[in-house]
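K.L.:
Sharing a structure here in structure tokens format.
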Amino acid sequence: MHLTTPESIYHLRVGFACLASKPYSSAWYLWLLWPVTLWFMMLTRIYRRTFVVERNRFRQLRLQTWAIPNFREQYHLKWQKESINNMIEEAVLEAEEKGTSGKELNRYGEVYVKKHPQLKVKLVDGSSLAVAVLLNSIPKGTTQVLLRGNLTKVAFAVAFSLCQKGIQVTVLREDEYEKLDKSLGTKSEGKLVISKSYSSCKVWLVGDDLTEEEQRKANKGTLFIPFSQFPLKNLRKDCFYHTTPAMQTPKALENVDSCENWLPRRVMSVWRIAGILHALEGWEEHECGYTISNIDKVWEACLKHGFQPL
């Protein structure tokens, strides 16, 4: 995982327990700590190493979550790309040296597999479980969804699965339609369409690029379901907002003392769950690059181990 805002460090167990036990929200009194926050930001630039933020137990597994000392905005800076990739690579190799049996990363991770083909550590980006959760978040009986936002690996896989299920996928931009059409081709079953109307769908699957202006054009009662790792800003009181892809954790998962970002207590993002699931099932393949595991198999295994949809 990585930090989001500069104040997010206070919401980890290494920060304040009273903040870590609640979903992340900006608090005015944290501005009083800005001298400390700036010092910490400088320290992360100097100490370019991952650190453990959580240790859990789940049945036979002993789990660790490692944080990369980078903030959300740094992932959008091209000149930071090499530095971040180097830190992730070092973390993977360190896990390998310690005999780790499973490791979940938020990025596609294929570059590390190609660079180190003898890795015993399995890189799992969690895309297949994210797709499964999204498909099961769409209300039954839905015949049409609007897909809007940056087209990620998850977005392509969701669009493919929806088309295969006979659900029409509507996009609003020509470039998005061309990318999806090129990727899906005849596999879209004729269910991929382009429209200029924001009011044609009551279910929106949305990514990071959705603007506030577009959100205001949605019909009353629209359900927004994010496929990205970051939630939407809830602008509409007459609409419904689903959480980012996540699931309720089993009671057997121990030491879950802090909330994961904006998620409620004992709710975990699917990108983390996927790594745990991979280790529980003993799956030997990587899930990185543009590889997607069997969605139904992943979903059934997740429910079998006690993770529940929200």
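The values are calculated or read from the model by the stated rules, or taken from the named source; none is laboratory data. The shown structure was predicted, so the numbers you read here are calculated from the model rather than taken from an experiment. All accessible areas refer to the heavy atoms of the entire protein, side chains included, with ligands and DNA or RNA removed. Shrake-Rupley method; radii C 1.70, N 1.55, O 1.52, S 1.80 Å.
K.L.:
Quick check: convex hull over the Cα atoms of the range 189-310, volume per residue in Å³, rounded to an integer? Write down the numbers at each step before the final one.
P.N.:
On the way: hull volume 18.3 nm³, N = 122.
Enclosed volume per residue, from the Cα hull, is 150 Å³.
K.L.:
Please compare each pair in Lys179/Lys202; Lys196/Lys217; Lys122/Lys251; Lys165/Lys191; Lys22/Lys304 to a cut-off of 20 Å on the Cα-Cα distance and tell me which ones are over it. Each step should come with its number before you reach the end.
P.N.:
Working: Lys179/Lys202 23 Å; Lys196/Lys217 12 Å; Lys122/Lys251 26 Å; Lys165/Lys191 10 Å; Lys22/Lys304 28 Å.
Distance filter (> 20 Å) returns Lys179/Lys202; Lys122/Lys251; Lys22/Lys304.
K.L.:
Quick one: divide the alpha-carbon radius of gyration of the range 127-246 by 2.2 N^0.38 Å and tell me what you get.
P.N.:
On the way: Rg = 13.0 Å, N = 120, 2.2 N^0.38 = 13.6 Å.
The reported ratio for this selection is 0.96.
K.L.:
Pop out the carbon and sulfur fraction of the accessible area of the range 127-246 as a percent, whole number, probe 1.4 Å. Walk me through the intermediate numbers first.
P.N.:
On the way: 2660 of 5610 Å².
It is 47 percent, rounded to a whole number.
K.L.:
Write down the accessible area per residue of the range 127-246 in Å², having rolled a 1.4 Å probe over the full set of protein chains.
P.N.:
Numbers: 5610 Å² over 120 residues.
That works out to 47 Å² per residue.
K.L.:
Further question: Per-residue HN-Hα couplings for the range 156-173, Karplus 6.51 cos²θ - 1.76 cosθ + 1.60 at θ = phi - 60°, whole Hz, x for Gly and Pro?
P.N.:
Rounded to whole hertz, the list is 4, 5, 5, 4, 4, 5, 5, 4, 5, 7, x, 9, 6, 9, 9, 10, 10, 10.
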